[in-house]
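S.K.: Handing you this structure, nothing more for now.
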Amino acid sequence: MEQSTVGEKLIPLLLSYDVYRKVKVFSKKAPNIKHEKLEHFVLERNKIQALKNDIKGNDLFCFLDIQRPKTSTPSDIKIKQIYSYAIANIAIENKVNQLLFFSSLYTSENSLNLNSRIRAHLEKSLIQLPFWGVHIFRPPVVIDMEGSSRWGEQLANKIKNGLDKLTGGAVSKYQPVDAKTVAAAMLRAAQQLKSGAFLYQSDYFNDWAKKQDELKLL
């Protein structure tokens, strides 16, 4: 549902996974990939209801975050106005089992930033919806490391480890994470088939080596 760097990495993983017979992508721009299992639907602001009959399946991966109508202002924001919440409700009506929502490290009800507070209220609202499973991901800053040098990653890890010793581990919380690693972690969470609500904080993504091993198993 909508594309981001992580969403772009997730699509080929879903297509290669036999569990999914069809992969539907709802976004403004069609993904740069062709596959017999892939269907693309143009997602336009204020026209989500027109896609109601198409938002069906087992798992909903949502990257829309807190996008909302252009006419809204900070003083009149309602959770129901946020597109991801509206789409999640449609998914509930269509008997979708799981919601996997891409959120942010900085989500907090007590944040001075308005978007961070709205995002926190959105997460609470999504958890209350009657999905069989709700998975919310708050990774650190996401970067696209595909094609980059492994030497660069190793050097970054050495620097990070040194700073962690000086800061008591504070650096790891904000260490950037590879987009494909996050995509793989989201897919793995969907396959665990656990009922309930789950929050994946930034430290869940810190062990790059472990997550890369998970990626190889998909």
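S.K.: State the number of residues belonging to segment 175-194 that are buried (at least 19 other Cβ atoms within 10 Å of the Cβ) and either assigned to a helix (DSSP H, G or I) or touching a residue at least 60 places away in the same chain (Cβ under 8 Å) (or both).
M.R.: Counting residues in segment 175-194 that are buried (at least 19 other Cβ atoms within 10 Å of the Cβ) and either assigned to a helix (DSSP H, G or I) or touching a residue at least 60 places away in the same chain (Cβ under 8 Å) (or both) gives 11.
S.K.: Further question on the same structure: Go through segment 98-142 and report how many residues are open to solvent by 30 Å² or more (accessible area, probe 1.4 Å), under 25 Å from residue 191 (Cα atoms) and without any contact (Cβ under 8 Å) to a residue 60 or more places away in the chain.
M.R.: Residues meeting the conditions: 4.
S.K.: Next question, about the same structure. Only one of (1) in contact with a strand residue (DSSP E or B) (Cβ under 6 Å, 6 or more places away or on another chain); (2) over 13 Å from residue 61 (Cβ atoms) fails for residue 134. Which number is that?
M.R.: (2)
S.K.: Moving to a separate point now. Identify, from the list 125, 202, 172, the residue that is among the hydroxyl-bearing types (Ser, Thr, Tyr) and modelled with pLDDT under 85. Don't jump to the end; show me each part of the working.
M.R.: Numbers: 125 fails: modelled with pLDDT under 85; 202 fails: modelled with pLDDT under 85.
172 is the lone residue from the list that is among the hydroxyl-bearing types (Ser, Thr, Tyr) and modelled with pLDDT under 85.
S.K.: Working only within segment 13-67, note down all residues that are crowded, with 18+ Cβ neighbours inside 10 Å and assigned to a strand (DSSP E or B).
M.R.: Those that are crowded, with 18+ Cβ neighbours inside 10 Å and assigned to a strand (DSSP E or B): 23, 24, 25, 26, 27, 59, 60, 61, 62.
S.K.: For segment 1-12, which positions are open to solvent by less than 80 Å² (accessible area, probe 1.4 Å) and not in a loop (DSSP other than H, G, I, E, B)?
M.R.: Across segment 1-12, the qualifying residues are 5, 6, 7, 9, 10, 11, 12.
S.K.: Answer yes if at least one residue in segment 77-93 is more than 22 Å from residue 129 (Cβ to Cβ) and surrounded by fewer than 14 Cβ atoms within 10 Å (Cβ to Cβ), and no otherwise.
M.R.: Within segment 77-93, not a single residue is more than 22 Å from residue 129 (Cβ to Cβ) and surrounded by fewer than 14 Cβ atoms within 10 Å (Cβ to Cβ).
S.K.: State all residues of segment 12-52 that are of a type in the set (Phe, Trp, Tyr) and within 17 Å of the chain's Cα centre (by Cα); if no residue qualifies, say none. Don't jump to the end; show me each part of the working.
M.R.: Taking segment 12-52 as the starting set, the residues that turn out to be of a type in the set (Phe, Trp, Tyr) are 17, 20, 26, 41.
Of everything in segment 12-52, just one residue is of a type in the set (Phe, Trp, Tyr) and within 17 Å of the chain's Cα centre (by Cα), namely 26.
The values are calculated or read from the model by the stated rules, or taken from the named source; none is laboratory data. From a predicted model like this one, the values you see are computed outputs, not experimental measurements. Virtual Cβ from ideal backbone geometry, glycine too; neighbours counted across all protein chains shown. For the accessible areas, the whole protein counts, side chains as well, though only heavy atoms, and no ligand, DNA or RNA atoms are used. Shrake-Rupley method; radii C 1.70, N 1.55, O 1.52, S 1.80 Å.
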